[in-house]
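Comments concern the structure below.
The values are calculated or read from the model by the stated rules, or taken from the named source; none is laboratory data. Bear in mind the structure is a predicted one, so any value in this text is a computation, not a measurement. Cβ atoms come from the backbone with ideal geometry, glycine included; neighbour counts cover every protein chain shown. Ligands, DNA and RNA are stripped out before the accessible areas are found, and what is left, the full protein with its side chains, is counted by its heavy atoms. Shrake-Rupley method; radii C 1.70, N 1.55, O 1.52, S 1.80 Å.
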Amino acid sequence: MSRHSLVLLPGDGVGPEVTHAARLVLQAVARRFGHDLAFAEHPIGGAAIDATGEPLPEATLQACVASDAVLLGAVGGPKWDGGAKRPEQGLLAIRKSMGLFANLRPAKIDDPLIDRSPLKAEAVRGVDILIVRELTGGVYFGERTRTATTASDLCAYSVEEIERVARIAFDAARGRRGKLTSVDKANVLETSRLWRETVVRLHRDYPDVTLEHQLVDSMAMKLITSPSSFDVVLTENMFGDILSDEASVLAGSIGLLGSASLGASGPGLFEPIHGSAPDIAGQDRANPIGAIRSAAMLLRYGLKLKAEAEAVEAAVGAAIAAGELTGDLGGALGTQAMAERIAARL
Ligand code: NAD
Ligand code: IPM
Ligand code: MN
């Protein structure tokens, strides 16, 4: 029996629906294992702009920093387009303020869903990729300029920023199938040349890991033509953003993928990779599995509750195997009912 205080940041669009679905599952696993989970909800993104004028209110950040782990839904939506402040700034600010430089995005095929993938079954069978995305550097955080007729976004990386996320990827590869693919655009970008040099140097500490380099354009192609050839994929912030959405297509739906955003110390933030899905928001149609898998990662990485994380993952797998699916995967269940089916298995 242990006590943990969690912060929920539902955010916008389908964010509240999938976050509440994940909370239901967390409560079920806590009951089963006899833990005491306390939940506190705080606004972020568009909801926070509406409530306070700020996409990341100071009170939200302080609550997250003081918690054991944070579960986030999604931010953004057309309502805030063109405003002085954007919901997405709240997400970028919380990642930066909490020092969450490594974003782990597993993309694994669930066997019963193989036919939901637009790729041929033989291409996706056995796919099990871990994308390690650098999360607090690069073009997302460089200086921006804007005049009426010009605009610029600076992409910058330091050796230290590359090393710390690369170590996470090498360590992960060591615990998996021992292969690391580092993705860059070293034929064009100076930041990518520094990235590659740094990863090559670090490789000396990991002689047991096989390292390969891929340029991001051909990586986008190979992710589709030979996805099962990848194990751990390490890349910078924007490439990781794009490639992880692409990887979600292999699995059958972007609604299936969770993620963990981790720093050197302090609480982690756990979030599905999908956005606020304004086209289906408020209709009980979002697939909650990405948020629920994020909750499993919260248990594993955030609270160090491995058996509990595995129980949640097994319950998700069992529901999928039983054909209990939301509309994005051809099923008939709503968000809430899907979460209830998973919670019931706990
Ligand atoms: P999106 O991921 O929100 O949606 C893309 C498509 O996937 C849509 O058709 C949507 O209906 C579908 N989809 C997404 N999540 C789903 C789920 N759980 N179940 C079923 N279908 C799902 O991407 P977008 O439309 O480009 O962006 C919408 C807004 O979300 C933007 O404001 C964007 O900035 C924001 N966004 C936020 C996050 C985040 O908070 N982490 C991530 C991505 C995008
Ligand atoms: C994600 C999202 C965010 C990102 C946006 C909303 C800032 O797309 O988490 O993948 O680009 O990191
Ligand atoms: Mn994204």
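Side notes on the structure shown:
- A40 being outside the structural domain of R133 (by TED's automatic domain parsing), modelled with pLDDT of 95 or more and more than 11 Å from ligand 2 (Cβ to nearest atom): yes
- The set of residues in the stretch 69-93 being within 14 Å of ligand 3 (Cβ to nearest atom), more than 30 Å from L305 (Cα to Cα) and in contact with a Leu (Cβ under 9 Å, 6 or more places away or on another chain) consists of G76 alone.
- No other residue among G290, G258, G282, G268 is out of contact with any Pro (no Cβ under 7 Å at 6 or more places or on another chain) and either open to solvent by less than 10 Å² (accessible area, probe 1.4 Å) or within 12 Å of ligand 2 (Cβ to nearest atom) (or both) apart from G268.
- Output for the stretch 203-233, where each listed residue is over 18 Å from D128 (Cβ atoms), without any contact (Cβ under 8 Å) to a residue 24 or more places away in the chain and among the hydroxyl-bearing types (S, T, Y): S218
- Applying the set (1) modelled with pLDDT under 95; (2) under 26 Å from A186 (Cβ atoms) to I162 leaves exactly one unmet item: (1).
- Residue among G317, G263, G334, G323 that alone is over 18 Å from V75 (Cα atoms), touching an Asp or Glu at 6+ places or on another chain (Cβ under 6 Å) and of a type outside the set (A, V, I, L, M): G334
- Search result, residues across the stretch 232-242 that are more than 9 Å from ligand 1 (Cβ to nearest atom) and either in a helix (DSSP H, G or I) or touching a His at 6+ places or on another chain (Cβ under 8 Å) (or both): N237, M238, F239, G240, I242
- Per-region count, the stretch 224-255, residues touching a Phe, Trp or Tyr at 6+ places or on another chain (Cβ under 7 Å) and either more than 16 Å from ligand 3 (Cβ to nearest atom) or open to solvent by less than 10 Å² (accessible area, probe 1.4 Å) (or both): 1
- A Cβ distance below 6 Å, combined with a sequence gap of six or more or placement on separate chains, defines the contacts here; from the stretch 319-346, residues that are outside the structural domain of R293 (by TED's automatic domain parsing) reach no residue that is of a type outside the set (A, V, I, L, M) and open to solvent by less than 50 Å² (accessible area, probe 1.4 Å).
- Within the stretch 106-158, the set of residues being part of a strand (DSSP E or B) and either open to solvent by 60 Å² or more (accessible area, probe 1.4 Å) or of a type in the set (K, R) (or both) comprises K108, R133, R144, T145, R146, A151, D153.
- Of all residues in the stretch 43-97, those satisfying the criterion of being among the small types (G, A, S), surrounded by fewer than 21 Cβ atoms within 10 Å (Cβ to Cβ) and not in a helix (DSSP H, G or I) are G53, A66, G82, G83, A84.
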